[in-house]
Amino acid sequence: MSFANTGSQVESVVPAPREQSGAAQLATGNLAAVDRATEAFYAAVAELDAVAVRAPSLLPGWSRAHVISHVARNADALVNLLTWARTGVEHPAYTSRVDRDADIEEGSTRTPQLLRADLDSACLRFAAAAESLPASAWEAEVVQPSGGTLLAHQVPWLRLRELLFHLVDLDVGVDFDDLPEEHLEDLVDSVVGGFATRPDSPAVRIDVALPEGRQRSWELNTAGTDSSVTISGDAADVLGWLTGRHDGARLSGDVPKLPSWL
């Protein structure tokens, strides 16, 4: 699966450099990556026929159609956050978890043609919302879907992460080692951060070999304990294990069982 920009309907969201604040510059880099990831996701979905979209994804209980519907609704949820940043008026990502789940379920029953049309429209809405956001609004504070505050310039990263993880979840031959290498360290870091404050996380040190040859370590629940274990592996394999997509068989060490990431 190529992440090269192949000229989809998603137009560039890169403003002129002289107009960019520090926050806008951070957003711009991730928005360019969002465009490429959107292209890759489109390409994968375009290959799915009426039978293939009903087949299971890598997410328990979800078909590929559920994943596609979810990725579309996530785009709309993040448009809400960008609207919040632009206007200063609270626009939660989702009205409720119940409504979110119902929308995904309803979308999962659509034909491949309607799934693709819905995905395309939602991605275009996100691109348009990002393109029209004033540079100063990228510094606004909003509340992310999972709770907790973040600055608007982090919203493109949330979208990129969503596209990359769920491209793997489509189970169409794309795995974590097929994702752009420049994002793997940040992806591992963001997932580890999700476990950091959870009391049900095991005490483990994770030594990770990054694509460019560097080594980096992360620790989960190791403070104040002498009983932690150490495991190691490539960034892509660690990422698959952390997110529950892989069983950890490709890692070295006594790999503990993790609670569900999300």
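Every number here is computed from the coordinates shown, using simple stated rules; none is lab data. All of these numbers come straight from a predicted model, not from anything done at the bench. Here the Cβ positions follow ideal geometry from the backbone for every residue, glycine too, while neighbour counts run over all protein chains shown.
Taking a ≥ b ≥ c as the square roots of the eigenvalues of the Cα gyration tensor, an a/c ratio of 1.5 or more together with a/b no larger than b/c marks region 208-248 as oblate.
Among rounded, prolate and oblate, which fits region 144-239 when a ≥ b ≥ c are the square roots of the eigenvalues of its C-alpha gyration tensor, a/c under 1.5 means rounded, and a/b larger than b/c means prolate? Working shown, then result.
On the way: a/c = 1.91, a/b = 1.23, b/c = 1.56.
Here region 144-239 falls in the oblate category.
For the chain, what does -39500 (n - 2.57) per DSSP helix run (n ≥ 4), summed and divided by total residues, give at 222 nm, in deg cm²/dmol to the nearest 500? Result for the chain: -14500 deg cm²/dmol, rounded to the nearest 500. The listed peptides 206-219, 229-242, ordered by packing as a protection proxy, come out as 229-242, 206-219 (highest mean of other Cβ atoms within 10 Å first). Who wins for biggest fluctuation among Ala37, Ala249, Ala203 in a Gaussian network model of the chain, springs between alpha carbons below 10 Å? Most flexible of the set in this elastic network: Ala249.
Where a ≥ b ≥ c are the square roots of the eigenvalues of the C-alpha gyration tensor, would you call region 17-174 rounded, which needs a/c under 1.5, or, failing that, prolate if a/b is larger than b/c, or oblate?
Working: a/c = 2.29, a/b = 1.66, b/c = 1.38.
Here region 17-174 falls in the prolate category.
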